[in-house]
Each structure stands twice: as structure tokens, then as C-alpha cells.
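Okay, here's the structure, questions in a sec.
The numbers here are math on the coordinates, done by the rules we state, and not lab data. Worth saying up front: this structure is predicted, and the values here are computed from it rather than measured. Because the Cβ atoms are built from the backbone with ideal geometry, glycine has one as well, and the counts that use them run over all protein chains shown.
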Amino acid sequence: MTGLFLRDVRLSIAAGGGAFVALLFFLAIVAIIPFGVGPDLKLLGEIGPAVLWIGALLSGLLGLDRLFALDREDGSLDLFLMAAGRQPLVLTVFTKCLAHFAGIVLPLVLAAPLLGLLLNMTPLSIGATVLTLLVGAPAISFVGAVGAAVTVALPRGGLLVAILVLPLLIPVLIFGVAAANGAVRDPDPFLAPFLILAALTLFFAVIGPVAAAYALLVETHPIADNAADPYEEDGWFEHSDTVGQEK
Amino acid sequence: MSHFAYIAVAYGGSALALAGLALWLVSDMRARRRELDHLHDAGHRRRSDRQETLREAK
Amino acid sequence: MNENTATAKPSFITRLANPSRFIGLADRLIPWLTGIGLILTAIGLVGGWLAPEDYQQGATVRIMYLHVPFAWLAMMIYGVMTLAALGTLVWRHPIADISLKAAAPIGAVFTLLSLFTGSVWGKPMWGTWWVWDARLTSMFVLFLIYLGLIALTRATPEPGQAARAAAIVTLVGALNLPIIKFSVDWWNTLHQPASVFRAGGPTIDWSMLWPLLVAAIGFTILFSALHLTAMRTEIWRRRVHTMRRLAAQRADRTMGGTA
């Protein structure tokens, strides 16, 4: 498990891995915001937590389609599936999610304070945003794993992952930004949304790997399953010789 | 804009969208049906006929 | 619809696994469902026009007779798809996967229509076409999930290849929808509480309720007719696909034989 974790983290940080590109994308998103909304420092400071959260979310999704596709190409996915007796596939997927978080999302979280300075955020606001990102951003990896596993066998899965995953991450975004804002704005609560955010991450830490492991299991055995499918047996062919007479 | 106009827009838009959906489904159905008929005319019938290739070529 | 009746009788559901039998049933049911659905919808909508106007909302309350059934269908169709997803994953029922794929675009249209009618209803009430009201927002997220599922079920040239993927995403979405609803409600109360309209107010008079119920039932039956039609088409599409593949294999073999 540790070996797999280290391998994945090393792969994402190494040249050609996703970490650097995701970081650049995050920087690019934050950099274009002032050109869109104007260089009003007060406004930028106010929307800063939201911008950092949305930027981290989108950048985290960037390399997700490679999460299992790379393993599928080099054959290690088959090894995971064969080793399922010794190490449950759910655990393998969970490890890979953690590695995705550590290798791709964590650098984004660590870069967030610097970008926060660009957005004129107060130290308290930056601290709160980083804290909420640390607690909430693992959910990106866990939910993203479902999208990555489901599209692993599809051509052009990349954008599809983002389309499938983003709506499911809306609650995380809502509570992450709400908690970050709650720490700064006075009447708004901090603890309640923060705890809900933590609960969401834990919930997705269970749902995500289970669904992703199941998807990998059924997606990689389509041919073996089809043989036993009732489609092929009586299915699509029975009665097809009467079709022409009905019109 | 009068209230009636809003109601007309709501009902008209819904009717259009549902009619469009029904039309799409029916045209899709017709197209698939035609494909099946073509295949049938070409002699592709049942799975069990698979080996009897030459006879089907008629 | 068929899932509901099918779960009650396991033998019936098993017999429906045969696509030809399913097509036979659909052939018989579709004209009846279309007719009854159209009649009930017409009765409900005309009844709605004859019902008294709401003293607060005036004539625009007529939009309710469309909006509420559409919103109900948007959620019910997702329920049907969730059942179908379970049917695909748990029972490997071959029709379940077809049901899910066929329902997704219909569900998306009804969700879009509920957003559209809500927006047109909201314009005279709120003064703008769109408010990030909790209900509209949740519906909007549901619409996005529908679109994602449509994209997923149609992402491969082979029909049905993404069946299990779509079933898994549908189930994860079903688990997520209550959370999304909860968080959107929470988010909405945190920001300025928009003037939320309630369908006809907290208590709704019988003269307005019965047309609403009849219209809702009528639209639901119309949906089942559309759904069965789409499912039958999908079965045909897969037959065509299988036959073409077999024909290609056959041609391949003859070529190999003569060469």
C-alpha cells in the first residue's frame, strides 16, 4: 500500500506528471480573475476564498482521467484486479485517491496562500481558506475517482469526467466557501459548515472508492460478461424475422 | 408584458418542447425500423442462420 | 413505470428480460398510454383554466398546472433511472440498462421544462427571469446530472457499452441528490432569502388541486408512453448493431474461405 502510494505520488510529481500542469492551471485561473472582474482590491479580497476554491476544484479535476487510464495502459490495473484476493480493490483505489490528493491536490492547497496574496486576502481569510481546502479537497480525489473509473474504458473520457464530477462536488464547494467566509465575516458561522465539510469528505471517502472499485471491476470485464448476457442468447435476434411483416 | 403573455409563453414553450421530444423519438424509431427492414431484406435474419452464408445470399 | 409493476412480480420481470416479449408488450401498451395520457392531461389543464384564479398571483397561477407536474416528473424519472440502475447492477436485467439510457433524455427535457416554466412564472412574480432560489438551483443541478448521464450513455459507438458505468453514476447521483438539496437549501438561507414562491400557497383549494393531480397523472402516463417508445427504439438499435457486426463477420469468413 505504501509502495503504491509512493509510486503514484512520484509519478504525478515527476516530469510529465499532472502536478505541475495542475499548478499552472490553478495559477492561470486565479490570474485571469482580476481581468474579468476588475482590479478592485476590496472586491477581490471578498471573493478570494471562492476564487481559490473554484480554481482548486477545476485544477484538481484536470488530470483525473489519467488516474486509472495510465494503470490500464501499462497493465498494472490488471495486477490490482488479480491481487484483489490479497488486497481488496477498494483499498487499492482508496490508496490511489490518497496519492492523487497528495500528488496533485496538495500542491494546489500549498500554493493557495501565495495566490491569496495576489487576491488581496487577509491572513485570517487565507488561513481559513487553506484549512477548509485541506479538509474539503480530498473529496475532489474521492469523487473524481468514480468519474475516472467509470470512463476508464471510454475514448475521450477526459472532459466527461469533469462534467460528471462537478455537479456532485457542489455541496463540497458550498460548505468549503461558506466555512472560509464564516471565519472572516462576522455574523456567518464557521464551525457548522466546517464540520459539515468534514462530514462530506468522510462520506465521499467511503462512497467514492467503493463505487470506483466496483466500476473498475465491471468495466474491465465487459467481454466475459457479454458472453453470458441474455442479449446474445435469445435477445436481439429472436423474432427479428417477423419485423419486416409488421409494417 | 401582460400576465396572459407569460402564460402563453409557458404553455407554448412546453408544448413545443414536448412535441419536439416526441418527434425526435418517433423519427429515431422510424429510422431504426427502416434499418432493420433493410437488413431483413438483405437476408440477415436469425443468429442460427449464421453458418448458412451462401444460401442466404440469394 | 414497468419497474414498479415488475418488482411486485418477479416472474413478470424475468419474462420481460426477453426483448421480443418486451417489444410485444410495448407495442400493445404504447397506443393506450398515449391516448389516456393525452386525455388526462387535457382534462387536467382545462380544469386548471376553469379553476378560480389565485388572489395573490392572479392568472399566472395557470403556469402551476405545468410547472408542478414537470417538477414531479423530473424527480420521478430520476427515481425510475435509479431503479433501472439497480436492475442493471444487481439483477443484470437486460431491459434495465435500456430503460436507463432511454429515460435520460426524456428526464432532461422535463427538468428543463420545469426550469423554463418556473422561470416564466417567476418573471412577473420576482421581476427577473432567474433567481438562485433553492428549488430552482437544485433542479438546475439535477439537470446538469441528467446531461452528464446523457453524455456518458452516448460516449461509445457500441450501444450499451457504458451501461454499467451509467448505472454506477446514476446510483452515486441518487445518493448525492439529498446532500445537494440540503446544501443548496443551506446556501440559500445563508445568502439573501429570495422570495420563494410556494406552489399555490401552503394550503391549496380542492378546485385547484384536482386539475393539478389529474394533469400530473396525465403527464406521468405520457412519460411512460415516451419511455416505452424510446426503449423499443433502443432495442432495435442494438439488434441492428448486432446484426451488422455478425454480417461483417460472415463476410469476413467468406472472404477468408475463397482466398
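Relative to the longest principal axis of the C-alpha atoms of chain A, give the angle of the C-alpha long axis of helix A:170-184, reported between 0 and 90° and rounded to the nearest 10°.
Compared with the principal axis, the helix lies near 10 degrees.
Please give the residues of segment C:58-97, grouped as numeric ranges, whose backbone N is less than 17 Å from a label point set 7 Å along the Cα-to-Cβ vector of residue C:205.
Label zone hits: C:58-65.
Ok, one more. In 10 Å bins starting at zero, report the fraction of Cα pairs in segment C:15-151 per bin as a rounded %.
Taking all Cα pairs of segment C:15-151, the binned fractions are 11, 31, 32, 18, 8, 1 percent.
Still on this structure: For the modelled label position 7 Å from the Cα of residue C:38 along Cα-to-Cβ, which residues of segment C:220-237 have backbone nitrogen atoms closer than 14 Å?
It comes to C:222-223, C:225-226, nothing else.
Now, a different point. Using a Förster distance of 45 Å, how high is the FRET efficiency between residue A:74 and residue C:14, based on the Cβ-Cβ distance and rounded to 0.05?
After rounding, the FRET efficiency stands at 0.60.
Counting only Cα atoms, I'd like the Rg/Rh figure for segment A:2-220, Kirkwood definition for Rh. List each step's numbers first, then the result.
Numbers: Rg = 17.6 Å, Rh = 17.6 Å.
With Rh from the inverse mean 1/r over Cα pairs, Rg/Rh is 1.00.
Separate question: Each label point is 7 Å from the Cα along the Cα-to-Cβ direction; what then is the distance between the points at residue A:20 and residue A:1, in nm?
Taking the simple label geometry, residue A:20 and residue A:1 are separated by 3.2 nm.
Taking +1 at the Cβ of each Lys and Arg and -1 at the Cβ of each Asp and Glu, which of C:136, C:91, C:210 sits farthest along the dipole of chain C towards its positive end, judged by Cα position relative to the Cα centre?
Farthest along the dipole direction, towards plus: C:91.
Let me ask something else. Assuming 0.890 mPa s and 25 °C, estimate D for the protein assembly as shown with Stokes-Einstein, Rh taken as the Kirkwood radius over Cα pairs, in µm²/s.
94 µm²/s
Tilt of helix C:163-190 relative to the longest C-alpha principal axis of chain C, in degrees (0 to 90, nearest 10)?
10 degrees
Ok, one more. Summarise the partner chain shielding of A:75-87 as one whole number: the mean count of Cβ atoms from other chains within 10 Å of each residue's Cβ.
Counting other chains' Cβ atoms within 10 Å and averaging over A:75-87 gives 0.
Charges on Cβ only, +1 for Lys and Arg, -1 for Asp and Glu, centred on the Cα centroid of chain C; of C:151, C:114, C:19, which one is farthest towards the dipole's positive end?
With unit charges placed on the Cβ atoms, the residue in question is C:19.
What angle do you read, to the nearest 10 degrees and between 0 and 90, between the alpha-carbon axis of helix C:64-89 and the longest principal axis of chain C?
30 degrees
Now for a different question. Quick one: Kirkwood hydrodynamic radius for segment C:85-197, alpha-carbon pairs, angstrom, one decimal?
It works out to 15.5 Å.
Also, I was wondering about something else. Quote the Stokes-Einstein diffusion coefficient, in whole µm² s⁻¹, for chain C, based on the Kirkwood radius over alpha carbon pairs, a temperature of 37 °C and a viscosity of 0.692 mPa s.
After rounding, the answer is 161 µm²/s.
Further question on the same structure: Sum -39500 (n - 2.57) across every DSSP H segment of at least 4 residues in chain C, then divide by the residue count to get the 222 nm mean residue ellipticity, nearest 500. Walk me through the numbers before you get to the answer.
Numbers: 8 runs with 205 residues, N = 259.
When only DSSP H runs of four or more count, the value is -28000 deg cm²/dmol.
Between residue C:244 and residue B:3, take the C-beta separation as r, use R0 = 56 Å, and let me know the FRET efficiency to the nearest 0.05. Don't jump to the answer; show the numbers that get you there.
Numbers: r = 54 Å, r/R0 = 0.97.
Plugging the Cβ-Cβ distance into 1/(1 + (r/R0)^6) gives 0.55.
Hey, what does the equivalent ellipsoid look like for segment A:85-180, semi-axes from the Cα gyration tensor as sqrt of 5 times each eigenvalue, largest first, whole Å?
Its equivalent ellipsoid spans semi-axes of 28, 16, 12 Å.
Ranked from highest to lowest mean number of other Cβ atoms within 10 Å per residue, what is the order of the peptides C:228-235, C:70-77? Walk me through the numbers before you get to the answer.
Numbers: C:228-235: 22.9, C:70-77: 21.1.
Descending packing order for the listed peptides: C:228-235, C:70-77.
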